[in-house]
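Written below as structure tokens is the structure these notes are about.
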Amino acid sequence: MLTVAVSLVATVMALLKLATWLEAASFITGAICVWLTVKQNIWNFPLGLVNVATFGVVFYRSRLFADAGPQVVYFALGIIGWFLWLCGGENRTQLKVRNGKTRPQAGRRPSHSNGGAGMMSTDSATERPPSITFALRSSIPTAFFYILVTELITPLGV
């Protein structure tokens, strides 16, 4: 139901010229991708790649370089996830989705542990560091990887 609502709002905003059709497509593919992920459907991966690519273009055109750069990483992680879903099981078979044990959350952390001191001057539309796009819940290595990527990409203005 929420997927339909988001899709309708995005379409109406594009029709009223409050958003571009690319922005609307980004929101619609994102909503459908989340729904497919909840349903554990493998089609979430190709649609997720479209979503990441369209948001990357939207952010780049808006000069939001600190938000556009991580889209490249998300695209690569989407390809890796798709491959692991297809071939990550026993004997390179499709991975079976199962519920894991609940782990304590690492909590929300600022995206820049150095307070943004590594930021460089760019012609970006925003001078603030990007917000964390997901809660660092899955594991400590994931949290370290996210922080490493964010610290490397943002100062470069990619």
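The values are calculated or read from the model by the stated rules, or taken from the named source; none is laboratory data. Nothing here was measured: the structure is a model prediction, and the numbers come from that model. Note that each Cβ is placed from the backbone with ideal geometry, even for glycine, and that neighbours are counted across all protein chains shown.
From (1) exposed (fewer than 15 other Cβ atoms within 10 Å of the Cβ); (2) aliphatic (A, V, I, L, M); (3) in contact with a helix residue (DSSP H, G or I) (Cβ under 7 Å, 6 or more places away or on another chain), pick out the condition that doesn't hold for residue 80.
Of (1) exposed (fewer than 15 other Cβ atoms within 10 Å of the Cβ); (2) aliphatic (A, V, I, L, M); (3) in contact with a helix residue (DSSP H, G or I) (Cβ under 7 Å, 6 or more places away or on another chain), only one is false for residue 80: (3).
Give segment 20-34 a look and list any residue that's under 12 Å from the mean Cα position of the chain (by Cα) and surrounded by fewer than 16 Cβ atoms within 10 Å (Cβ to Cβ), or say none.
none
For residue 17, are the conditions met, namely being loosely packed, with under 13 Cβ neighbours inside 10 Å, modelled with pLDDT of 90 or more and in a loop (DSSP other than H, G, I, E, B)?
yes
What's the total number of residues in segment 35-49 that are in a helix (DSSP H, G or I) and either over 11 Å from the mean Cα position of the chain (by Cα) or farther than 23 Å from residue 85 by Cα (or both)? Reasoning before the result, please.
The first filter runs over segment 35-49 and keeps only residues in a helix (DSSP H, G or I), leaving 35-38, 44-49.
Right, trim to either over 11 Å from the mean Cα position of the chain (by Cα) or farther than 23 Å from residue 85 by Cα (or both) and you get 35-38, 44-47.
Summing the residues that are in a helix (DSSP H, G or I) and either over 11 Å from the mean Cα position of the chain (by Cα) or farther than 23 Å from residue 85 by Cα (or both) in segment 35-49 gives 8.
Specify the residue that is surrounded by the fewest Cβ atoms within 10 Å (Cβ to Cβ); the eligible residues are those in segment 50-77 that are assigned to a helix (DSSP H, G or I) and among the small types (Gly, Ala, Ser).
Pass one, segment 50-77, residues assigned to a helix (DSSP H, G or I): 50-61, 65-77.
Among the residues that remain, those that are also among the small types (Gly, Ala, Ser) are: 53, 56, 66, 68-69, 76.
Working: 53: 17, 56: 19, 66: 26, 68: 22, 69: 21, 76: 12.
Filtering first and then ranking leaves 76.
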